[in-house]
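Every read-out reported here was derived from the displayed coordinates using simple, explicitly stated rules and does not represent laboratory data. Please read all numbers here as calculations on a predicted model, not as lab measurements. Reconstructed Cβ throughout: ideal geometry from the backbone, glycine too, with neighbour counts over all protein chains shown.
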Amino acid sequence: MAELTDRIALVTGAASGIGRATAIRFAAAGATVVLADRNGEALASALAELGDPRHFSFRLDVTDEEGWADLAAAIDIAFGRLDVLVNNAGYGAFRSIADTTLEEWRAITAVNLDSVFLGTRTMLPLLEKSHFGGSIINMSSIRGIAAAPFAGSYCAAKGGVRLFTKAAALECAALGNGVRVNSIHPGHVLTPLTAKVHDDPAQGAKLLADTPMGRAGDPDEIAAAMLFLAGDGSRYMTGSELVVDGGSTAQ
Ligand SMILES: NC(=O)c1ccc[n+]([C@@H]2O[C@H](COP(=O)([O-])OP(=O)(O)OC[C@H]3O[C@@H](n4cnc5c(N)ncnc54)[C@H](O)[C@@H]3O)[C@@H](O)[C@H]2O)c1
């Protein structure tokens, strides 16, 4: 039996990059996948790529509290429960602190951190109904562990995701609701989000030089770690941080 057979998995930011690769991996592992993203066109193409009518997509801005409530209602009607939640949607900005407006700070922390709180709070009642034991996977970054210059708002948000994950894991364990909560911390992964870095050869070369394995990660290599955190192989893991970074944070 495939690892996620009969499971219902929700992936945010599923239209592109790591989220899309995760949706494909989960579907191949037998899950029914709900793909959520704010980009309707890319979402339709990702759903078509899965090529099976058991999956469905939902247009969601992860910073929108009402949108989350609507999605929870749709999942409740369709399945009555949720087994896996991947809070993946997000992006960063390279900007000095001096040049960061309060509006931009709020936008970055909203999409990367508020979204994780909203997703967790809204979906927890459905995850508690999972007969597999619910699994929440929160997208942090190596920038949630080790900081970088000119990325203050992103580092703050991803660091917040890391510790919120641990708080949520402890709370779920204390409640005895069977829900595990872990964070994932990719290093440099080649996706539409990061591809433009390589337009500047010097910046691209520096990123690779900072990666001991000497290459960028592939989205599917993060999706493989997502699959591990989603399934029974990680059933004794909660409050953990899984680093997938080609050795970057080992230095
Ligand atoms: N690529 C990397 O090197 C890397 C490294 C560490 C962490 N991450 C994190 O991984 C996650 C995915 O990044 P990616 O590289 O796959 O990026 P990507 O741009 O390829 O995909 C991100 C997806 O999120 C969606 N999205 C953005 N804002 C949204 C919103 N408000 N509501 C709903 N959907 C929204 C986009 O439409 C897009 O489809 C992000 O949280 C990112 O910070 C990426």
Spin-label point model (7 Å from Cα, Cβ direction): what's the GLU103 to LYS129 distance in nm? 4.1
Selected from GLU41, GLU103, GLU66 as most flexible by GNM, with the chain as the system and alpha-carbon contacts under 10 Å: GLU103
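Summing -39500 (n - 2.57) over the DSSP H runs of n ≥ 4 in the chain and dividing by its residue number, what mean residue ellipticity at 222 nm do you reach, to the nearest 500 deg cm²/dmol? Show your work: numbers first, answer last.
Numbers: 9 runs with 108 residues, N = 251.
Dividing the helical sum by the residues of the chain leaves -13500 deg cm²/dmol.
Mean separation of Cα pairs under 8 Å and 6+ residues apart, divided by the residue count of the chain: what relative contact order is that in percent?
RCO, the chain: 20 percent.
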Per residue of segment 195-208, what does 6.51 cos²θ - 1.76 cosθ + 1.60 with θ = phi - 60° give for ³J(HN,Hα)? Whole Hz please, x for Gly and Pro, Karplus curve as stated. 4, 5, 4, 7, 5, 9, x, 5, 5, x, 5, 5, 4, 6
Cross-link candidates for LYS196: which lysines have Cα within less than 22 Å, leaving aside residues fewer than 8 places away along the same chain? LYS158, LYS206
Between ALA89 and residues 5 or more places away or on another chain, the pairs with built amide H atoms under 5 Å apart involve THR12, GLY13
Using unit Cβ charges (K, R positive; D, E negative) and no other charged atoms, how large, in debye to the nearest 20, is the dipole of the chain about its Cα centre? 460
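What does the charge count around PRO219 come to, taking other residues whose C-beta lies under 10 Å from its C-beta (Lys +1, Arg +1, Asp -1, Glu -1)? Let's see the in-between values first.
Details: positive: ARG20, ARG25; negative: ASP218, ASP220, GLU221.
Summing Lys and Arg as +1 and Asp and Glu as -1 gives -1.
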Of the options ALA225, ALA72, VAL111, report the single residue whose Cα projects farthest towards the positive end of the charge dipole of the chain (beta-carbon charges: Lys, Arg +1; Asp, Glu -1). ALA225
Please list 3J(HN,Hα) in residue order for segment 134-151, calculated via the Karplus relation 6.51 cos²θ - 1.76 cosθ + 1.60 where θ = phi - 60°; whole Hz, with x for glycine and proline. x, 10, 9, 10, 9, 7, 9, 4, 4, 6, x, 10, 10, 7, 9, x, 6, 8
re the chain: pairs of Cα atoms spaced beyond 30 Å account for a percent value of 21
The set of residues whose placed amide H lies less than 5 Å from the amide H of VAL181, leaving out same-chain residues fewer than 5 positions away, is ILE136, GLY239
Whole-Å distance, taken between Cα centres, linking segment 119-173 and segment 186-251: 17
Note: ALA195 to ALA74 extended length (0.36 nm per residue) minus current alpha-carbon separation gives 40.1 nm
Within the under-15-Å Cβ sphere about ARG81, not counting ARG81, Lys/Arg +1 and Asp/Glu -1 give a net charge of -2
Kindly write out, for segment 84-100 in residue order, the coupling ³J(HN,Hα) from the Karplus curve 6.51 cos²θ - 1.76 cosθ + 1.60 (θ = phi - 60°), rounded to whole Hz, with x marking Gly and Pro. 9, 10, 10, 8, 10, 4, x, 6, x, 8, 8, 7, 5, 4, 4, 8, 7
Once both labels are modelled 7 Å past Cα along the beta-carbon direction, what's the SER96-ARG121 spacing in nm? 3.6
Amide H proximity to GLY217 below 5 Å, modelled H, separation 5+ or other chain, gives HIS188, VAL189, LEU190
